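The values are calculated or read from the model by the stated rules, or taken from the named source; none is laboratory data. Every value quoted in this text rests on a predicted model; they were computed, and no experiment measured them. Cβ placement follows ideal geometry from the backbone for every residue including glycine, while neighbour counts extend to all protein chains displayed. With ligands, DNA and RNA removed, areas are computed over all heavy atoms of the protein, side chains included. Shrake-Rupley method; radii C 1.70, N 1.55, O 1.52, S 1.80 Å.
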Amino acid sequence: MDSYERYLKIKNSVPDDVEVIAVSKTRSIEEMDGAYKAGARIFGENKVQELIAKYDSFYKDVQWHLIGHLQRNKVKYLVGKVTLIQSLDSVSLLNEIEKQFGKKGAIADTLIEINIGNEESKTGILVEDLDSLLIEVEKCSHVKVKGLMTIIPKGDKENNRYYFKKVKELYEKLQKKDFKNITMSTLSMGMSGDYDIAISEGANMIRIGEGIFGKRNYK
Ligand SMILES: *Cc1c(COP(=O)(O)O)cnc(C)c1O
């Protein structure tokens, strides 16, 4: 199977209202072509340079999501090219996005990345620090928060479900509040190995790499 068949298979197996992000990090334009031809129109990259390079050389009717950790000094390159920054995880990053998108009169759509397992090795904001970030988002003119993203700790199915549930609870709690610049409409959780569980726990956006493109070779 190539990325054409694998994308179709996944897309057809999930509910229509679940957005499938084709995570194309490390993949060539040629490898991505199959997924595009099968209908994929949102691609996720974890590095800014790679996103920009592919933005310039791939089809123009696709959207690009930044899903990896974002360094402040790279934010300026994303203006006008990224549709959704899924990895907002600190006040300092928020302020840089506000500044750089503001310079061009643009609006940045973002998801707040939650480090739900309190793992030191992972990026994302800790739940205990979330309120201070939300307060700052309310002061912005060029940043909108559309929902939450998470990468859960490795574990068995039961464990996965436990963490997805926790993020869903947080999402629903925030949905009930009335913050300026913040709407909770996107819940991005689930990757190749656990997206079915994530969907059953409420994900409406899944991020699939190996499930579409096969095993990654990191050189
Ligand atoms: C690589 C990556 C994925 C996709 O992982 P797969 O296991 O290949 O599906 C999803 N989300 C993020 C943030 C990633 O970096």
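Values computed for the structure shown
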{"read-out": "Hydrodynamic radius of region 48-145 per Kirkwood, over alpha carbon pairs, in Å", "value": "13.9 Å"}
{"read-out": "Distance in nm between pseudo-label sites at Glu31 and Asp196 (7 Å out along the Cβ direction from Cα)", "value": "2.5 nm"}
{"read-out": "Members of Lys81/Lys177; Lys9/Lys76; Lys122/Lys176; Lys76/Lys173; Lys144/Lys177; Lys99/Lys166 lying beyond 26 Å, as alpha-carbon distances in this model show", "value": "Lys81/Lys177; Lys9/Lys76; Lys122/Lys176; Lys76/Lys173; Lys99/Lys166"}
{"read-out": "Exposed GluC sites (Glu not before Pro) absent - longest run of the chain, DSSP non-H/G/I/E/B, at most 16 other C-beta within 10 Å", "value": "1-118"}
{"read-out": "Nearest-0.05 FRET efficiency for Lys81 and Asp17, computed from C-beta distance (R0 25 Å)", "value": "0.45"}
{"read-out": "Per-residue HN-Hα couplings for region 12-24 [Karplus 6.51, -1.76, 1.60; θ = phi - 60°; Hz; x = Gly/Pro]", "value": "6, 9, 10, x, 4, 8, 9, 7, 9, 8, 7, 7, 9"}
{"read-out": "Computed Kirkwood radius, in angstrom, where 1/r is averaged over Cα pairs of region 168-209", "value": "11.0 Å"}
{"read-out": "Residues with amide H under 5 Å from that of Ile125, placed H, sequence gap 5 or more", "value": "Glu113, Ile114, Asn115"}
{"read-out": "Cleavage-rule hits, trypsin sites (Lys or Arg not before Pro), region 126-159, DSSP coil, Cβ neighbours within 10 Å at most 15", "value": "Lys139, Lys154"}
{"read-out": "Filtered trypsin sites (Lys or Arg not before Pro), region 58-96: DSSP coil and at most 12 other beta carbons within 10 Å", "value": "Lys60"}
{"read-out": "Accessible area (Å², per residue) of region 3-208, counting only protein heavy atoms and a probe of 1.4 Å", "value": "47 Å²"}
{"read-out": "Distance (nanometres) between label positions extended 7 Å along Cα→Cβ at Lys139 and Glu50", "value": "3.5 nm"}
{"read-out": "Pairwise Cα inverse-distance average, inverted: Kirkwood Rh of region 76-206 (Å)", "value": "15.0 Å"}
{"read-out": "In order through region 114-131: 3J(HN,Hα) via Karplus (6.51 cos²θ - 1.76 cosθ + 1.60), integer Hz, x for Gly, Pro", "value": "9, 8, 6, x, 6, 8, 5, 6, 9, 7, x, 8, 6, 4, 5, 9, 5, 4"}
{"read-out": "Potential extension, Lys177-Met1 segment - 0.36 nm per residue separation minus Cα distance", "value": "58.8 nm"}
{"read-out": "Globularity ratio of the chain, using Cα Rg and 2.2 N^0.38 Å", "value": "0.98"}
{"read-out": "Extension gain, Glu120 back to His69 (0.36 nm per residue minus Cα-Cα distance, nm)", "value": "17.0 nm"}
{"read-out": "Helix-only CD estimate at 222 nm, as mean residue ellipticity for the chain, using -39500 (n - 2.57) per DSSP H run (n ≥ 4)", "value": "-10500 deg cm²/dmol"}
